[in-house]
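Notes for the one structure printed next.
Where a number appears in this text, it was derived from the coordinates with a stated rule and is not lab data. What you are looking at is a predicted structure, and each value in this text was computed from that prediction instead of being measured. Ideal geometry is used to build each Cβ from the backbone, glycine not excepted, and the neighbour counts take in all protein chains shown.
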Amino acid sequence: MDAEFASPALVANPAPEARRADDAQGAARSSVERNGPVAYSDPSVPFKTARARPLKSALPLKIVIPLLLGIVASLAITVYAEFGFRRLEIANRQMAIALEMQAALHEALALIVDAETGQRGYLITGKEEYLQPYQAALPKIGDAFHRLRELLVLHGTPEQRDALGKLNELFGKKLLELEAMIALYKKDGPDAAQALINTGIGRRTMDEIRATVDQMLSTHRRQIDDATRRWSGDIAFARLGMEIMTAFTVALLLVVWLLARRDAQQREERRRSMQQDQDRLEALVQDRTADLSELSNYLQVVREDEKSKLARDIHDELGGVLVSAKMDVAWVEKRIKGRDPEATVKLERALQALDDGVQIKRRIIEDLRPTLLDNLGLAAAIDWQVNDFCNRAGLKCTLVLPADDAQLAPRVSIALYRILQEALTNIGKYARAKNVRVELSQTSDNVALLIEDDGVGIPDGAQKNKLSHGISGMRQRVRALQGEFSIGRPPEGGTRIEVNIPLEPTATEQGAASRADAPA
């Protein structure tokens, strides 16, 4: 099974004959697992084309026909219900208009009565304040007739418009009579006005106005009654339609329930099969991910070991060669100094080149395996690395280190140091920062490393970018130690990297804990 799913990068390419045999066996096995016809890759075997089978209806005819009839009936009832709702809306609008017309007629009649009352009060008392209702009613009467005219023009019948014209003439006549009586009172006195009132002309005009208003109100009441009857009939039919639709819906639901119950077992079987395949694939992916993670961790350990060995070899071999050469050149330079100035200059230049070579050798060794990390601990190595980086890059660095530098496991120390190196390299290349802050804190349970800068910040999506090998390498180092890694852009800007790695108890701590747990 391992050979079947091995990574292509780790398994050599098989021979063409073996590949053809494996393909044939895989095709045969897949066909057998699917209970289908077995396919062979041997060209000598004739290939038979399977005849296409006619597709069967997914539902029997006795179920399809009621479904279609139910759908057609539901659509018909829905269309009729829509027409009924529109008729209800029209009836509602007609009732509202009729009620508004009635309100306008009552208002106009009340205003003319107020005007006549004010005029009679003035004729009896002769005081001007009694004319205030009369004067206030005149513009309101015009507004009421304007509103009635607009309603009848849009929604009225020709008979209603003729009645409104007659009512308008009667109102005009009545207002002229009221105005004439007031003018006669002011000119000839109360006796002349009383004589005109006694003729009964005002009462006859008011009787005609009331009769016309009653006729129009009766017409509006008949319209309201007709609209109410239509409304009631439409509501009754809509209720009947909804009941029929509900019955069809229940029938359709019963049919769907029967179909769903019949199909439930098939769906459940397919679900179980898919779940089994998914579980198998997930287990396979987890196994392969664990293998790759373990391989990556192993390669990192091997790489660090190789770097450490290479650093020791450079220090021992190349360092010895450079020191020996420097001593010999220095001895020769002392011997010929003062006798051959030109050779002395060449030898001094050679000594300087050897000193530069020693410095280069030291820098290469520190890059491969920092000696401070092995000799003085993580805090001292971080101190040297940060200060060296800030001096070379011209940045202002803030460094916070623990007071007591407890000894960490070598794999934890080198992981944190490499993460710091990668972060500082990114800051120098991309961040365009001016300030860098590095904080190392350690407790009995974990060790934490914080790296911050005030640069342009990490681009959006770079945290999850598969091609960001630097971030992926840092995350993999932390994951190998069962730690937590986060990188992001804080609200104030820049980039923040946080690493938290749990510490394993030492042998002394484990012995003390076991003695504490042991019974007395």
For the range 253-259, what does the Karplus curve 6.51 cos²θ - 1.76 cosθ + 1.60, with θ = phi - 60°, yield as ³J(HN,Hα) per residue in whole Hz, taken in order and with x for Gly and Pro? 5, 5, 5, 4, 4, 4, 5
Cα shape, the range 340-439, gyration tensor, a/c 1.5 rule: prolate
Using the Karplus equation 6.51 cos²θ - 1.76 cosθ + 1.60 (θ = phi - 60°), what ³J(HN,Hα) coupling, rounded to whole Hz, does each residue of the range 184-194 give in order, writing x for Gly and Pro? 5, 5, 5, 8, 10, x, x, 5, 5, 5, 5
Can you give me the three principal axis dimensions of the range 79-236 from its C-alpha atoms, in Å, biggest first? 74, 26, 22
Label-point gap, in nm, between residue 342 and residue 301 - each point 7 angstrom along Cα→Cβ: 6.1 nm
Using the crude model of +1 on Lys and Arg Cβ and -1 on Asp and Glu Cβ, and no other charge, please compute the dipole size for the range 62-255 relative to its Cα centre, in debye to 20. 500 debye
Percentage, to the nearest whole number, of Cα pairs in the range 406-448 over 14 Å apart: 57 percent
Please list, in chain and number order, the residues 5+ apart from residue 408 or on another chain whose amide H is under 5 Å from its amide H, with Hs placed from the backbone. 378
Along the range 206-217, Karplus-curve 3J(HN,Hα) (6.51, -1.76, 1.60; θ = phi - 60°) to the nearest Hz, with x for Gly and Pro, reads 5, 4, 5, 4, 5, 5, 5, 5, 5, 5, 5, 5
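Are there trypsin sites (Lys or Arg not before Pro) in the range 406-437 that DSSP puts in a loop and that have at most 16 other Cβ atoms within 10 Å, and which ones?
Numbers: sites: 411, 418, 429, 432, 434, 437; in loops: 432, 434.
Taking the range 406-437 and a limit of 16 other Cβ atoms within 10 Å, the loop trypsin sites (Lys or Arg not before Pro) found are 432, 434.
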Residue-span extension gain [residue 325 to residue 425] - 0.36 nm each, minus C-alpha spacing: 32.6 nm
Quote to one decimal, in nm, the extra length available between residue 239 and residue 103 on full extension: 0.36 nm per residue of separation minus the C-alpha distance between them. 45.7 nm
What distance in nm lies between label points placed 7 Å from Cα along the C-beta direction at residue 283 and residue 435? 5.6 nm
Along its principal axes, what span do the Cα atoms of the range 376-503 show, with the longest given first and each in whole Å? 35, 32, 23
Tally Lys/Arg at +1 and Asp/Glu at -1 over every other residue whose Cβ is under 11 Å from the Cβ of residue 81; what's the total? +1
Kindly identify the range 319-358 as rounded, prolate or oblate by the Cα gyration tensor criterion: order the square roots of the eigenvalues as a ≥ b ≥ c, call it rounded if a/c is under 1.5, otherwise compare a/b with b/c, prolate if a/b is larger, else oblate. oblate
So for R0 = 45 Å, FRET eff. of residue 246-residue 96 from the Cβ-Cβ r, to 0.05, ends up at 0.90
Test of understanding: what is the full-extension gain from residue 360 to residue 263, defined as 0.36 nm times their sequence separation minus their Cα-Cα distance? 27.2 nm
Tally Lys/Arg at +1 and Asp/Glu at -1 over every other residue whose Cβ is under 10 Å from the Cβ of residue 134; what's the total? -2
